[in-house]
Amino acid sequence: MIWTGGSAWLADNGKDTAGQIAEIFTPRGYAVAGVSIRSSSQATFPAQLDDIRAAIGFLRANAATYGVDPERIAVMGDSSGGWTTVMAALNDDGVRVAVAFYPPTDFRRMNEQMLPGACEAFNGMMGLTDCHDDVLSPESRLVGGPVQTHPAAEAASPLTYVTAAGPPVMLLHGGQDPLVPHGQSVL
């Protein structure tokens with residue numbers, strides 16, 4: 001199982017919370033690898049997808065060394081790490097199953113799905129004026145421009161890649177999430 005934690009793409013520390021996941025899953029027979037992807041200040045999309053795919057490829061190529069089954073790779077993560085999880089599942093044939101906690105899935109629809117008053121709180125917390133559509137929002141920083149007009153916003157939205165041929169993906173999302181709207185998982 002590959003774990004990558006979220007940071008709104010603002011940090012490259014996704015592997016830092018893998019120890020907590022390993023404490024739960026290792027006793028149940030799973031090997032857990034923590035993976036960090038580049039932050040949006042280091043590189044814009046698709047660099048983050050390239051990073052997780054490189055980690056999957058490395059783990060599969062070195063499966064014998066680490067004692068893992070290269071045909072049974074799972075990916076799990078939360079928030080922007082959940083986004084990484086879904087993107088990996090839908091774009092890498094090496095992923096067999098994914099579990100994503102509250103992932104953004106369609107950047108252009110996030111503002112319309114926010115709970116009443118949540119954008120104001122999000123703006124205050126992040127120093128923004130236009131919630132997820134702001135030019136400095138985490139999603140806009142990831143794609144390198146405003147999500148409503150930047151061409152990479154569609155390519156960076158996991159919903160773009162959903163097909164019946166994809167691996168199973170479990171999405172877990174609280175209905176009152178004030179940061180990533182619950183509707184993102186419903187989509």
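Against the list (1) among the charged types (D, E, K, R); (2) open to solvent by 50 Å² or more (accessible area, probe 1.4 Å); (3) over 16 Å from LEU187 (Cβ atoms); (4) in contact (Cβ under 8 Å) with a residue 24 or more places away in the chain, the condition ASP92 fails is (2). Across segment 1-47, the number of residues qualifying as within 17 Å of the chain's Cα centre (by Cα) and in a helix (DSSP H, G or I) comes to 7. Residues in segment 42-55 that are touching an Asp or Glu at 6+ places or on another chain (Cβ under 9 Å) and surrounded by fewer than 16 Cβ atoms within 10 Å (Cβ to Cβ): 1 in all. Taking segment 65-92 as the range and being in contact with a strand residue (DSSP E or B) (Cβ under 9 Å, 6 or more places away or on another chain) and of a type in the set (D, E, K, R) as the test, the residues that pass are GLU71, ARG72, ASP78, ASP92. Is it the case that some residue within segment 101-112 is free of Cβ contacts under 8 Å to residues at least 40 places away in the same chain, open to solvent by 10 Å² or more (accessible area, probe 1.4 Å) and in contact with a helix residue (DSSP H, G or I) (Cβ under 6 Å, 6 or more places away or on another chain)? Within segment 101-112, one or more residues are free of Cβ contacts under 8 Å to residues at least 40 places away in the same chain, open to solvent by 10 Å² or more (accessible area, probe 1.4 Å) and in contact with a helix residue (DSSP H, G or I) (Cβ under 6 Å, 6 or more places away or on another chain). Restricting the first member to segment 46-74 and to residues that are under 27 Å from TRP9 (Cα atoms), and the second to residues that are among the acidic types (Asp, Glu), the beta-carbon pairs closer than 6 Å and six or more apart or on different chains are ARG53/ASP92; ILE56/ASP92. If you go through segment 77-85 one residue at a time, do you hit one that is assigned to a loop (DSSP other than H, G, I, E, B) and either open to solvent by less than 80 Å² (accessible area, probe 1.4 Å) or β-branched (Val, Ile, Thr) (or both)? Checking segment 77-85: at least one residue is assigned to a loop (DSSP other than H, G, I, E, B) and either open to solvent by less than 80 Å² (accessible area, probe 1.4 Å) or β-branched (Val, Ile, Thr) (or both). For segment 56-67, the condition holds for at least one residue, the condition being that it is surrounded by 15 or more Cβ atoms within 10 Å (Cβ to Cβ) and within 16 Å of the chain's Cα centre (by Cα). When segment 58-101 is filtered for residues that are of a type in the set (Asp, Glu) and under 15 Å from ALA156 (Cα atoms), only ASP92 remains.
Which residues, taken from segment 142-171, are farther than 11 Å from ARG108 by Cβ and open to solvent by less than 70 Å² (accessible area, probe 1.4 Å)? Of everything in segment 142-171, those that are farther than 11 Å from ARG108 by Cβ and open to solvent by less than 70 Å² (accessible area, probe 1.4 Å) turn out to be LEU142, GLY144, GLY145, ALA152, ALA155, PRO158, TYR161, GLY166, PRO167, VAL169, LEU171. Cβ-Cβ contacts under 8 Å between residues 6 or more apart (or on different chains), taken from a first residue in segment 18-42 that is more than 19 Å from PRO70 (Cβ to Cβ) to a second residue that is charged (D, E, K, R) and open to solvent by less than 90 Å² (accessible area, probe 1.4 Å), are listed as SER36/ASP12; SER36/ASP51; ILE37/ASP12; ILE37/ASP51; ARG38/ASP12; ARG38/ASP51; SER39/ASP12; GLN42/ASP12.
The values are calculated or read from the model by the stated rules, or taken from the named source; none is laboratory data. What you see is a predicted model, and the numbers here were worked out from it, not measured in a lab. Note that each Cβ is placed from the backbone with ideal geometry, even for glycine, and that neighbours are counted across all protein chains shown. The area values use the complete protein model at the heavy-atom level, side chains included, leaving out ligands, DNA and RNA. Shrake-Rupley method; radii C 1.70, N 1.55, O 1.52, S 1.80 Å.
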